[in-house]
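Everything on this sheet refers to the single structure shown next.
The values are calculated or read from the model by the stated rules, or taken from the named source; none is laboratory data. Since we're looking at a predicted model, the values are computed, not measured. Cβ atoms come from the backbone with ideal geometry, glycine included; neighbour counts cover every protein chain shown. Remember, those area values only see protein heavy atoms, side chains included, never the ligands or the DNA or RNA. Shrake-Rupley method; radii C 1.70, N 1.55, O 1.52, S 1.80 Å.
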Amino acid sequence: SCLNKAGLWQKANNAMEYTRASWMHGVHWKEDNSSSLLCTEQMQPAIISSGSGLIAVMKQPGVRTETVLHCLREQLLAKGYSFDVSCVSRLDLNTSGALVAVLGSESSAAFHVACAQFAGRLVSKEYICVCGGSPLGPIGTAGGIIASMSGNRPENSWNAAPLHGKEASTDYQVLAIFTGCISSRTRSHQPTVLSLLRVKLGTGRKHQIRKHLAGIGRPLVADDRYNPTRLHEDCTWCPRTFLHCRR
């Protein structure tokens, strides 16, 4: 094929395998169903960075945002800090990655400044994800989706103006493409086609990436809500939704 001749297929395959291996490494988590918010050692969030009234921590999959922030408060108190921690952004239950919070109460200046920055779309968030369906283009392809967020699927896609609900915009770039057999335990004999994407949000709507990609026929791997028909097969090699907030 053209990819083989250009030597790109092996690079794409290596990139996908590296991402999958990194994703699977150390995945020993249980869904956070506890209402008592008891912080175990595994739930202690790793601090990525802090400064100017903000703190960024690494959220693990299967743990709610509220639980992460509660454990962060306990962690800071144990170290002698008296900061309150306030929520200004959230990640879905099974999404991992960078979570930003305010070091201060909801009446603090830092909280109001952070809220204004998020509301004014001055905060840039970047995600890494893997989706199914035919490729959105060769490696390096960049594109965007602008669609309404009403209902379970976008009303429109591919730069169409929204008809109902709040407008949301999602930009993506294709980092790698994989075609082949993912797991010997899958029932399908058809080759699996997957794309590794870098995604940036122009807006921050609930389930935005999941809804937008599902709406154009490229649902995320192991997404139980927007890709339920492939959930069993996806979970043979990926135990949770393949979505990570990189920065």
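The figures follow:
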{"quantity": "Scope the range 217-247; condition assigned to a loop (DSSP other than H, G, I, E, B), under 13 Å from D92 (Cα atoms) and not basic (K, R); matching residues", "calculated": "D223, D224, T241, F242"}
{"quantity": "Test: residue in the range 207-216 that is in a loop (DSSP other than H, G, I, E, B), within 24 Å of R247 (Cβ to Cβ), in contact with a Ser or Thr (Cβ under 9 Å, 6 or more places away or on another chain) and at pLDDT 90 or above", "calculated": "no"}
{"quantity": "Residue in the range 48-65 that is most open to solvent (accessible area, probe 1.4 Å), counting only those that are touching a residue at least 24 places away in the same chain (Cβ under 8 Å) and closer than 11 Å to A98 by Cβ", "calculated": "I48"}
{"quantity": "Single residue of the range 143-165 satisfying the filter (at negative phi and exposed (fewer than 13 other Cβ atoms within 10 Å of the Cβ)) that is modelled with the lowest pLDDT", "calculated": "A161"}
{"quantity": "Matching option when the condition is surrounded by fewer than 23 Cβ atoms within 10 Å (Cβ to Cβ), among the hydrophobic types (A, V, I, L, M, F, W, C), modelled with pLDDT under 95 and under 26 Å from I47 (Cα atoms), among L201, L231", "calculated": "L201"}
